[in-house]
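What follows is a set of notes on a single structure, which appears directly below.
The values are calculated or read from the model by the stated rules, or taken from the named source; none is laboratory data. Note that the structure is predicted; figures quoted are calculated from it, not measured. With ideal geometry, Cβ positions are generated from the backbone for all residues, glycine too; neighbour counts draw on all protein chains shown.
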Amino acid sequence: MDLGIKGKRALVCASSKGLGLACATALAEAGVNLVMNARGAEALEAAAQDLRDRFGVEVATVAVDVTTPEGQSKLIEAAQGVDILVNNAGGPPPGMWTDWDRDDFVAALDANMLTPIALIKALVPGMIEKRWGRVVNITSQSVKAPIAVLGLSNSARAGLTGYVAGTSRQVAPHGVCINNLLPGSHATDRIDALDRGTSQNQGISFEEARAARQATIPAGRDGNPRDFGATCAFMCSQYASFMVGQNVLLDGGNVNATL
Ligand code: NAP
């Protein structure tokens, strides 16, 4: 399927590995030129070169922490005029509700709510000018069904979801579609870290922690990042022009809800 976005340009944040890289890869496959980002320059450049070699697209890299004001300034400068923005960053650490104080919440809000909002505010005006744009925010299934140990994530991502619900309706008349893509468990470094945390907290092996978690997923396994990236690319395509303010859940059926 030709997604109709060949030659467009996208900023994909936090994209040297995992879900961000999967989104960058699917966009590159669709012929989209990229600005890629991560903190670690080496893995970022390696990922960028791989996409240049495989898909012949232009890929610029900006090795900064997307959650800092300095990092955002550099990214915004490099990404001026992009048609597509994929917001992503690392997720907050797990814990108990008694663990977190104000500073922990401020850090989580900065990373998973205020960072995507800052990039939307900086880059959507250029999309409005061209009367075409797509924004996909990688959030989490936790906005539909809370994951108790991820209280910081539950809180910050709920805030972003509320912002997108209103803002997406304000920019839709200008041809700009903002939507959220909600991962359930996917096979990335992040899920390995969460399973290691469960194994330590519950005094069980990593394999037991993983098996117990996967047993709660009706599909019986973790998601493949490649499929996640393809969904993201579709949400950035010409065919997503009527998708506004939606929360697209990819969780193997884990959230037990009718809607
Ligand atoms: P991952 O495999 O750990 O990859 C994270 C990527 O983001 C890496 O490229 C990392 O590179 C980059 N990154 C992290 N923090 C960054 C920062 N502050 N600035 C710039 N780049 C940064 O994680 P993932 O599984 O793809 O998860 C992506 C997002 O989806 C996270 O917010 C996670 O909480 C959420 N999520 C994931 C799952 C899942 O099952 N995988 C489920 C629900 C939600 P550097 O370390 O070099 O910066």
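Just one residue in the set Gly91, Gly159 is within 16 Å of the ligand (Cβ to nearest atom) and under 26 Å from Gln202 (Cβ atoms); that residue is Gly91. Taking the conditions (1) buried (at least 17 other Cβ atoms within 10 Å of the Cβ); (2) assigned by TED's automatic domain parsing to the domain that holds Asp101; (3) away from the ligand (no atom under 13 Å from the Cβ) in turn, Ala209 satisfies each one other than (2). Screening segment 117-140 for residues that are touching a residue at least 60 places away in the same chain (Cβ under 8 Å) and either surrounded by fewer than 24 Cβ atoms within 10 Å (Cβ to Cβ) or over 16 Å from Cys23 (Cα atoms) (or both) and picking the one that is nearest to the ligand (Cβ to nearest atom) gives Leu119. Return the residue satisfying two criteria in turn: it lies in segment 217-259 and is touching an Asp or Glu at 6+ places or on another chain (Cβ under 8 Å) and crowded, with 18+ Cβ neighbours inside 10 Å, and of such residues it is nearest to Gly4 (Cα to Cα). Going through the qualifying residues, I end up with Ala233. Gln214 - would you say it is over 21 Å from the mean Cα position of the chain (by Cα), of a type outside the set (Gly, Ala, Ser) and surrounded by 14 or more Cβ atoms within 10 Å (Cβ to Cβ)? Yes: the conditions hold for Gln214. All told, Asp83 falls short of being of a type in the set (D, E, K, R), more than 30 Å from Ala60 (Cα to Cα) and more than 14 Å from the ligand (Cβ to nearest atom). Only residues that are out of contact with any strand residue (DSSP E or B) (no Cβ under 6 Å at 6 or more places or on another chain) and not in a helix (DSSP H, G or I) were counted in segment 69-85, giving 2. Within segment 106-136, the set of residues being out of contact with any strand residue (DSSP E or B) (no Cβ under 6 Å at 6 or more places or on another chain), under 15 Å from Thr68 (Cα atoms) and not aliphatic (A, V, I, L, M) comprises Asp110, Asn112, Thr115.
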